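Have a look at the structure below before the remarks.
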Amino acid sequence: EIEVDIPDYDRKIVIEGRIENGSPAMVIVSRSVPYFDHIDFQTLKNDVFITDAVVTVSCDGVSEQLQFTLCEDSPVYLAYVGRNIIGEPGKRYDLRVEIGDTVFTSSTTILEPFHLDSLWLAFANEQDTTPTTRIQLTDNPATHDYYMFQIKVHGKRLHDRLWGTSFP
């Protein structure tokens with residue numbers, strides 16, 4: 001028998017955002033949930049998602065307040081989404097999230113795009129129906145880079161909603 005002493009839970013604000021080349025900003029603002037809690041749609045709707053935050057993105061002296069809406073690109077279908085500020089490599093983007101009297105800020109830039117050397121599917125054997133995706137790229141050894149790849153699975157049952165994420 002193993003006894004685990006689970007520490008008291010301290011609820012936190014969670015802010016997940018992204019802006020990509022050619023796309024507007026998307027930000028999800030939520031509250032964390034204890035690991036062993038029961039989560040259903042009502043819990044998400046009423047206790048997890050923060051729908052009344054003021055979310056602003058700024059770039060080159062222009063600011064835009066993002067709107068909370070249904071969003072196909074969001075992993076949870078809901079997000080604060082922009083329309084006017086579109087991501088471009090080399091530019092700095094500042095994020096400001098106001099929740100009541102609390103303000104959170106962050107900033108990011110979009111790096112210059114890189115190109116893959118090759119991309120292919122690899123099967124374990126002839127009967128394999130679930131291949132792995134293989135990627136080859138040349139990385140600049142003079143820079144400290146990280147890459148994330150998202151693979152969208154296309155199929156009738158999945159309705160183009162399933163993304164596989166890889167951090168090579």
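The values are calculated or read from the model by the stated rules, or taken from the named source; none is laboratory data. Bear in mind the structure is a predicted one, so any value in this text is a computation, not a measurement. A quick note on method: Cβ atoms are made from the backbone with ideal geometry, for glycine too, and the neighbour counts reach across all protein chains shown. When the accessible area is computed, the model is the full protein with side chains, heavy atoms only, and any ligands, DNA or RNA have been set aside. Shrake-Rupley method; radii C 1.70, N 1.55, O 1.52, S 1.80 Å.
Some values worked out for this structure:
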{"quantity": "The listed residue being farther than 26 Å from D60 by Cα and among the aromatic types (F, W, Y), out of F123, F114", "calculated": "F123"}
{"quantity": "Failed item, numbered, when E112 is tested on (1) touching a residue at least 12 places away in the same chain (Cβ under 8 Å); (2) in contact with a strand residue (DSSP E or B) (Cβ under 8 Å, 6 or more places away or on another chain); (3) within 29 Å of D145 (Cα to Cα)", "calculated": "(2)"}
{"quantity": "Residue check for D128: open to solvent by less than 80 Å² (accessible area, probe 1.4 Å), farther than 28 Å from Y93 by Cβ, without any contact (Cβ under 8 Å) to a residue 40 or more places away in the chain and in a loop (DSSP other than H, G, I, E, B)", "calculated": "yes"}
{"quantity": "Enumeration of residues in region 94-125 that are open to solvent by 100 Å² or more (accessible area, probe 1.4 Å) and not in a loop (DSSP other than H, G, I, E, B)", "calculated": "R96, T105, L119, W120, L121"}
{"quantity": "Residues located in region 131-161, provided they are open to solvent by less than 90 Å² (accessible area, probe 1.4 Å), among the hydrophobic types (A, V, I, L, M, F, W, C) and at pLDDT below 80", "calculated": "F149, I151, V153, L158"}
{"quantity": "Matching residues, region 76-93, being within 25 Å of L44 (Cβ to Cβ) and surrounded by 17 or more Cβ atoms within 10 Å (Cβ to Cβ)", "calculated": "L78, A79, Y80, V81, G82"}
{"quantity": "Which numbered condition V62 misses (of (1) β-branched (V, I, T); (2) surrounded by 13 or more Cβ atoms within 10 Å (Cβ to Cβ); (3) touching a strand residue (DSSP E or B) at 6+ places or on another chain (Cβ under 8 Å))", "calculated": "(2)"}
{"quantity": "Selection from region 2-59 of residues that are among the charged types (D, E, K, R), over 17 Å from the mean Cα position of the chain (by Cα) and under 18 Å from E98 (Cβ atoms)", "calculated": "K12, D52"}
{"quantity": "Residue that is open to solvent by 60 Å² or more (accessible area, probe 1.4 Å) and either more than 13 Å from G17 (Cα to Cα) or without any contact (Cβ under 8 Å) to a residue 40 or more places away in the chain (or both), where the choices are D52, D73", "calculated": "D52"}
{"quantity": "Options V14, V57, V33; residue that is touching a Lys or Arg at 6+ places or on another chain (Cβ under 9 Å), open to solvent by 40 Å² or more (accessible area, probe 1.4 Å) and outside any loop (DSSP other than H, G, I, E, B)", "calculated": "V14"}
